[in-house]
Every structure is written in C-alpha cells, then in structure tokens.
Ligand code: UTP
C-alpha cells in the first residue's frame with residue numbers, strides 16, 4: 001500500500017459568501033484569532049505526516065504564496081527589536097525548501113476541476129485533499145485520524161461528522177453499508193438530499209484520501225450541481241470500482257467559508273487558547289449580557 005505523502009489544498013474559489021471581506025484578501029487568509037485559516041490547515045497536514053502541499057490557486061491569490069515565504073523587512077525589524085518569540089513562530093511556519101507547490105486554476109470551474117489541476121504534481125500515488133476553509137478542531141488532528149483509518153483499510157477515505165439535527169438537507173451526506181463504530185464502508189454520497197431522504201446524518205467535512213485513478217475520471221467529468229465540475233461526482237464513479245470508507249472523526253468542524261462559521265471558529269479558538277481562553281470567555285459572556 002503506497003503511503004499518503006501529498007495533500008491538495010484548493011484555494012481558487014471566489015469566496016462569494018464572505019464578500020466584501022474576500023474582495024482583496026483570499027478567503028483562506030482571513031484570520032481565525034491570530035492567524036490565517038490556512039495556517040491551521042497546514043499545521044494539521046504536517047502533524048499528519050504530509051510532506052508536500054499542492055496549492056491550487058487562482059487570480060488574486062498571490063498573497064497565499066507570499067504568506068509561506070520570508071518577509072525579509074519584517075523579520076529584520078523583529079530581530080532589531082528583540083521580538084524573538086514571534087520571529088521564531090513566523091520562521092517555524094515556513095515550508096522546507098520544495099515542500100510546497102503552487103498550480104493555477106485559471107477559472108473557478110469547481111472543486112473537481114481544481115483537484116484535477118494538481119494531477120501532474122501528485123502523480124501515481126494516493127493523496128489527501130484538505131478543504132482549506134474547513135478548520136477542524138480535534139485532539140488528534142482530523143487528517144491524522146484519516147491517515148490512521150487509511151492504514152487500516154487502504155482505498156479511499158472520506159472524513160465525516162454528524163450534522164446538526166434536521167439540517168442534513170444542507171450538506172453533502174454519505175450513505176453507509178451499516179454503521180458499526182466510526183469507520184464504515186460507504187455505498188454512496190448525495191449533495192443536499194431533500195428533507196426526509198437523507199441516507200445518514202453524516203456530512204462530508206472536508207478531508208479526503210483519494211487514489212490517483214480519480215484524475216482520469218475528473219478529466220472526463222461534466223458539470224454537475226451549480227454548473228461546476230464536482231469532486232463528489234467523480235468520487236461516485238470511482239466508488240463503482242474501488243473501496244471507500246467514511247471515517248466519523250473525533251472533533252468539531254468550523255466552516256470558515258461562511259460568515260457564522262468563521263465567527264464560530266474565532267470564538268471557539270479563542271476559548272480554547274491556553275493564554276487567551278479566560279479573557280475570551282469573559283469578553284463573550286459580557287457581550288451576551
Ligand atoms: P467553496 O464552494 O466552499 O468555496 O469550495 P468558494 O467557491 O470559494 O465559496 P463561495 O461559495 O463562493 O463563498 C470549497 C473549496 O474549494 C475551492 C475553494 O477555494 C474552497 O476552498 N475551490 C472551489 C477551488 O479551488 N476552485 C473552484 O473552482 C471551486
């Protein structure tokens with residue numbers, strides 16, 4: 001079984017749900033507490049053993065590449081002012097040489113198309129997809145839990161999470177071949193199932209491990225929901241010939257592509273923060289009166 005070494009992070013979407021905030025700042029660089037959303041995702045990938053991050057970028061996303069590079073003047077000033085802690089923090093986050101690649105999706109044709117744009121860099125090996133607007137808070141990072149599941153089952157893994165009561169019709173939902181524990185064989189997926197027809201209450205929460213055969217299917221994939229080339233449509237085709245397992249991971253997902261999700265992530269990360277937690281709780285409590 002080939003190991004999962006690379007992750008695709010599609011960051012070429014328009015982020016229309018958080019406009020005007022995303023007009024000049026890429027959604028993935030919006031802050032959650034004291035760092036960009038992407039910083040959490042890359043840290044999660046590294047903790048799971050990902051060795052190479054492939055960013056699928058688009059127009060107006062150049063700041064993402066800059067974020068993962070030296071900022072020479074800033075570093076010199078921090079050095080001169082003796083701000084060594086924050087300087088170390090900045091430098092620790094930088095990639096090792098060659099650890100990141102950037103490939104351009106020239107038009108936002110959909111998540112499936114974005115993943116397909118990474119095909120040459122991924123090559124013929126299994127790979128992770130990490131949706132960079134989904135911040136996942138977990139004791140063992142979500143991607144690490146997915147890797148452990150992959151080591152048990154091989155094939156393809158889709159990380160899922162129970163959705164709030166009565167809201168399954170708003171999510172991508174998985175169908176399972178029985179439910180026994182957290183790791184179950186998948187039989188299908190459905191985007192936003194009409195109320196009452198949901199095959200489970202587990203939504204696809206933004207971390208996947210996929211086999212490289214998905215690329216041939218994506219190459220031929222026509223437009224699906226929303227007129228976009230959808231990753232789920234090609235995954236459904238792959239499901240006909242390969243195993244898929246859904247992993248109900250142990251943690252909580254914050255959809256930072258949505259205003260309230262971004263707010264929830266900020267509040268949650270502040271409350272969890274070892275130094276700021278108490279002050280954050282006092283501030284939130286005061287606001288709530
Ligand atoms: P979303 O649909 O959540 O992101 O796609 P979006 O299109 O940026 O958001 P809205 O709906 O307009 O607010 C999930 C992920 O896939 C990426 C997005 O950047 C996001 O991280 N994506 C989506 C691409 O890279 N390319 C695409 O063509 C579509």
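Throughout, read-outs are computed from the coordinates displayed, never taken from laboratory work. Note that the coordinates shown come from a computational prediction; the quantities given were computed from them, not determined experimentally. Cβ: placed from backbone, ideal geometry, glycine included. Neighbour counts: every protein chain shown.
If you count, for each residue, the other Cβ atoms within 10 Å and average over each peptide, how do 9-20, 80-91, 112-123 line up from highest to lowest?
112-123, 9-20, 80-91
Calculate log10 I(q)/I(0) of segment 131-229 for q = 0.14 Å⁻¹, where I(q) comes from the Debye formula with a single equal point scatterer on each Cα and nothing for solvent.
-0.61
With each run of n ≥ 4 DSSP H residues scored as -39500 (n - 2.57), what mean residue ellipticity at 222 nm is computed for the chain after dividing by its residue count and rounding to the nearest 500 deg cm²/dmol?
Values: 11 runs with 99 residues, N = 289.
Roughly -9500 deg cm²/dmol at 222 nm, from the helical runs in the chain.
Give the span of the chain's Cα atoms along each principal axis, as three whole-Å numbers ordered largest to smallest.
The principal-axis extents, from largest down, are 60, 49, 37 Å.
Rounded, prolate or oblate: which fits segment 1-100, taking a ≥ b ≥ c as square roots of the Cα gyration tensor eigenvalues, rounded meaning a/c under 1.5, else prolate when a/b beats b/c? Please report the intermediate quantities before stating the final value.
Details: a/c = 2.00, a/b = 1.12, b/c = 1.78.
Oblate shape, in that a/c is at least 1.5 and b/c is the bigger or equal ratio.
If you fit an axis through the alpha-carbon atoms of helix 259-272 and take the longest principal axis of the Cα set of the chain, what angle between them do you get, 0 to 90°, nearest 10?
The angle comes out near 60 degrees.
Given points 7 Å out from each Cα along the Cα-Cβ axis, report the residue 220 to residue 240 separation in nanometres with one decimal.
0.8
Using the count of nearby Cβ atoms within 10 Å as a rough guide to exposure, how do 173, 260 rank from fewest to most?
Numbers: 173 23, 260 9.
Result, fewest neighbours first: 260, 173.
Pick from 24, 160, 103: which residue has the top mean-square fluctuation in a GNM of the chain where Cα pairs under 10 Å get a spring?
24
Within segment 183-204, name every residue whose backbone N is under 20 Å away from a label modeled 7 Å from Cα of residue 169 along the Cβ vector.
Inside the label zone: 189-204.
Compute the semi-axes of the equivalent ellipsoid of segment 81-133, taking the square root of 5 times each eigenvalue of the Cα gyration tensor, and list them largest first in whole Å. Walk me through the intermediate numbers first.
Numbers: eigenvalues 201, 40, 21 Å².
Ellipsoid semi-axes (Å, largest first): 32, 14, 10.
Under a GNM of the chain (C-alpha, springs under 10 Å), which listed residue has the highest mean-square fluctuation: 62, 257, 188?
Among 62, 257, 188, the largest mean-square fluctuation in the Gaussian network model of the chain belongs to 62.
First measure r as the distance between the Cβ atoms of residue 177 and residue 151, then evaluate 1/(1 + (r/R0)^6) with R0 = 22 Å and state the FRET efficiency to the nearest 0.05.
Details: r = 21 Å, r/R0 = 0.94.
Approximately 0.60, to the nearest 0.05.
If I stretch the segment between residue 90 and residue 66 completely, what's the gain in nm (0.36 nm per residue apart, minus their alpha carbon distance), one decimal?
7.4 nm
Starting at 0 and stepping by 10 Å, how many percent of the alpha carbon pairs of segment 107-157 end up in each bin?
19, 43, 33, 4
How are the C-alpha pair distances of segment 222-289 spread across 5 Å bins, as whole percents from the shortest bin up?
3, 13, 12, 13, 16, 11, 8, 7, 9, 6, 2, 0
Using a 7 Å offset from Cα along Cα-Cβ at residue 285, what residues in segment 252-270 end up with backbone N under 18 Å from the label point?
Flagged as within label range: 267-270.
Sort the following peptides by mean Cβ neighbour count (other Cβ atoms within 10 Å, averaged over residues), highest first: 213-222, 93-102.
Details: 213-222: 16.6, 93-102: 13.0.
Packing proxy ranking, top to bottom: 213-222, 93-102.
Dividing the convex hull volume of the Cα atoms of segment 32-160 by its residue count, what figure in Å³ per residue is obtained? Walk me through the numbers before you get to the answer.
On the way: hull volume 17.4 nm³, N = 129.
Per residue, the Cα convex hull of segment 32-160 comes to 135 Å³.
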